[in-house]
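Data first, discussion second: the structure below is written as structure tokens.
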Amino acid sequence: MKKFVSIALVLILALSLLAGCGGETGGPDEGTTPDTDAKKVLGIILIDLTNQFFVDMVEGGNQAAEDYGVEVIWKSSDGNIDKQISLMENFIEQGVDCILVNPIDSAALEGVIRQASEAGIPTVTMAGNVDVDSNYCTVYNDYENTKIIGDIVANMVGGEGKVALLYGNKGNLVSDLRQGGFQEAMAAYPDIELIEQPMNWDPATGLKAAQDIIAANPDLKALHCVSDAVTLAAYQAVKDAGKEDQILVTSFDGNPDACIAVEEGQLKLSVLTGSKRAGYWNVQVGVQLANGERPDDQIINMATHFVMTDEMKATVEAMNLDADISIIGPQEAIAMADLYTDFEPK
Amino acid sequence: MKEAAPIIVLMAMLLILNSLNSDFMSLKTLLNLMHQVSVVGIVAMGAMIVIISGGIDFTAGYGLAMIGMAAGTVYATGILGGSVYIVVLVSLVCGALIGALNGFLITKLKIVPFIATLAVMSLLQGMSMLIGNGNMVMIRDPSILWFGQGRIGSIPVSFLIYIFFCLVAHTILKRTKMGVYIYALGGSEDATRFSGIDVTKYKILLYMLAGTYTGIASLLTISKLGLAAPSIYGSTLLDAIAAAIIGGTSLSGGKGKVMGTFVGAIIIVLITTALTYLRIKPEMQDVFKGVVILLALCFDVVINKISKE
């Protein structure tokens, strides 16, 4: 009987591990043993697959893999830097043609990126630079774009009053960039009081944080949240308090549901990095490197667009911001999120 | 004395908060609290029932996400019309099934609850990302949104639902045979078995009850947010277990009351709200939560010692 129990237990644990891995595989035709044919193999390590941004990245990336005839193996670090490093080591051992990674902690990855370099495998750190000569870094201008959002918000509230920011969590690269940009913008406005709360990338946490901030600060003028999925939930708090006209809500990511909210006027703006686009574009860069090409610049910028209505666009243009930004309408953004017209095949 | 402990903690918190920020005690705060407490509270009721029976259930967190994704996907794909009825049904059935699986593993395969529910938790985590490819689903049907966003007068519907299920839990624990057996199981499983009670049946039933409570909480979550995503589990599991413990539920089983857990859930929700009002660094939230849980546990130990002497 005891034996049976232990066998059953092992089976359950194994099954649960399999379930955990389920989301990480790529296209339907992908195998896990590279080098069986001439297809180039890219290994991609994301931060975690419970976040919509990364789920969409996989979709866009798989599309690029199909377009370019390469194989992509997706892995999730589950937000854990140790796991991320060991996934890197696995890819090096497997001898993939290029490794792309969303660094959880840039400094901690230096060693293993050097290892990859010594093994002759090109690496791309997505959204965060790791200071190793052979490494390429793809960026979506999160810091700069968020700073511009901060300027727009500050202008719209007249340079004074209370502004709230919901960031992801400290130590998460994407969150830190998007928080830092906003903070830098607000630092230029001494009469603006910035109230910050983490939302841990969880819509429910974001909703509660927004409710509490609005209740504690009846005179709140604006709310910026660094990720669309959470902003849409946080907006419920604004609506519930009946303050749609008083509180400006702005967001980031440009996912289609948020673009609809921009069109309906619930959100003032979002920024289309486009998670699917980011996935597509990163795979494209990875393919280039896997094929032996070496771009001149080690930091490669992805095209990003501000998403807002024409009316809002006019308001922003009247501000004469010292920034050269591309502004598109919500419908255009929705179309662009699924098409990869920004990235001509190379 | 022991039953009064969570209420004393709550009163002390309210007094301190009110003296630090006089805006805190207001109708707005009360209504927000009602809106926020329901999900944690309902999961905490389920956790309490399991803990009273001497078990533990870790599936509520990712269960919340998995059930939410299942209900959201059924809604989005329009299977069976995607109506409010089917969404409610899917939430409740998924919850009950998760509970049944837990109960089966624990009673039939004799796996300790800690390990069994941990394994199922991982299973659910994976499933929440597999269902609908982990894609976020927006929910726009007003009759589904009513559960989480609707108000009767100014009282949130979700709070009324929460109160209803508190009363259900109370009735089961205090007025039914099953309630008696749940407490008996926590006191001594062997003694319960030797008195001729079908332990297996009642254990499976009580895990199913807890699972169903998770299903209800999941429905309220997606309805409040207006969306379902795999990341909606948040800190619900730990908050719920903490609420049960702060409310005087004994981790060694056999002891616990609905009223205590009800107050415990309010305390847990108030901790984060309070820190926002007091402008304390958000990173301190978890520290404060930890301190309150530790205090509750210490209190438990001290009271036990005194009553023994």
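The values are calculated or read from the model by the stated rules, or taken from the named source; none is laboratory data. Quantities reported herein were computed from a predicted structural model and do not represent experimental measurements. All Cβ positions, even for glycine, are placed from backbone atoms using ideal geometry, and neighbour counts span all protein chains on display. Please note that ligands, DNA and RNA were not included when accessible areas were found on the heavy atoms of the full protein model with its side chains. Shrake-Rupley method; radii C 1.70, N 1.55, O 1.52, S 1.80 Å.
Miscellaneous remarks
- Within the protein assembly as shown, percent of DSSP bridges classed antiparallel, to nearest 5: 15
- Screening chain B for whole DSSP H helices of 18 Å or more along their axis (Cα) with average Kyte-Doolittle hydropathy at least 1.6 returns B:5-20, B:27-52, B:84-107, B:157-175, B:258-277.
- Helix-only arithmetic for chain B: the sum of -39500 (n - 2.57) across DSSP H runs with n ≥ 4, divided by the residue total, places the mean residue ellipticity at 222 nm at -25000 deg cm²/dmol.
- Residues of the protein assembly as shown: accessible area per residue with a 1.4 Å probe, Å²: 40
- A cut-off under 11 angstrom between Cβ atoms defines the neighbours of A:S106, and their net charge, with Lys, Arg +1 and Asp, Glu -1, is -4.
- Accessible area buried, both sides summed, chains A and B with 1.4 Å probe, Å²: 3800
- Cα shape, the stretch B:1-152, gyration tensor, a/c 1.5 rule: oblate
- Sequence-distant lysines (8 or more away, or on other chains) whose Cα lies within less than 28 Å of B:K255: B:K2, B:K108, B:K110, B:K174, B:K177, B:K201, B:K203, B:K289, B:K305, B:K308
- Of the residues B:I67, B:I52, B:I271, the one that moves most in a GNM of chain B with alpha-carbon contacts below 10 Å is B:I271.
- Charge tally in the Cβ shell below 15 Å around B:Q36, where Lys, Arg are +1 and Asp, Glu are -1, B:Q36 excluded: +1
- Bridges between two residues of chain A, per DSSP, are antiparallel at a rate of about 5%.
- Reach of A:K239 by Cα under 19 Å, taken over lysines that are not fewer than 8 positions away in the same chain: A:K162, A:K208, A:K221, A:K268, B:K28, B:K224
- Relative pair counts by distance (%), Cα atoms of the stretch A:246-346, 5 Å bins: 2, 12, 21, 20, 16, 12, 9, 5, 3, 1, 0
- Solvent-free Debye scattering, log10 I(q)/I(0), computed from the Cα coordinates of the stretch A:83-134 at q = 0.17, 0.23 Å⁻¹: -0.40, -0.77
- Carbon/sulfur fraction of accessible area - the protein assembly as shown, other protein chains in place, 1.4 Å, %: 60
- Chain A shape via C-alpha gyration tensor axes, a/c threshold 1.5: prolate
- Oblate is the label for the protein assembly as shown, because a/c, from the alpha-carbon gyration tensor with a ≥ b ≥ c as root eigenvalues, is 1.5 or above and a/b does not exceed b/c.
- Residues A:Y189, B:Y202, sorted by accessible area with the largest first, give A:Y189, B:Y202 [1.4 Å probe; ligands and nucleic acids excluded].
- Among the trypsin sites (Lys or Arg not before Pro) in the stretch A:229-293, those placed in a DSSP loop whose Cβ has at most 16 other Cβ atoms within 10 Å are A:K243.
- Electrostatic tally near A:T309: other residues with Cβ closer than 10 Å to its Cβ, Lys and Arg +1, Asp and Glu -1, net -2.
- Most mobile listed residue (B:Y181, B:Y233, B:Y85) in chain B, GNM with C-alpha springs under 10 Å: B:Y85
- Cleavage-rule hits (GluC sites (Glu not before Pro)) in the stretch A:259-320: DSSP loop, at most 16 neighbouring Cβ within 10 angstrom: A:E264, A:E293
- Shape annotation for the stretch B:233-305: C-alpha extents along the principal axes are 38, 26, 18 Å, from largest to smallest.
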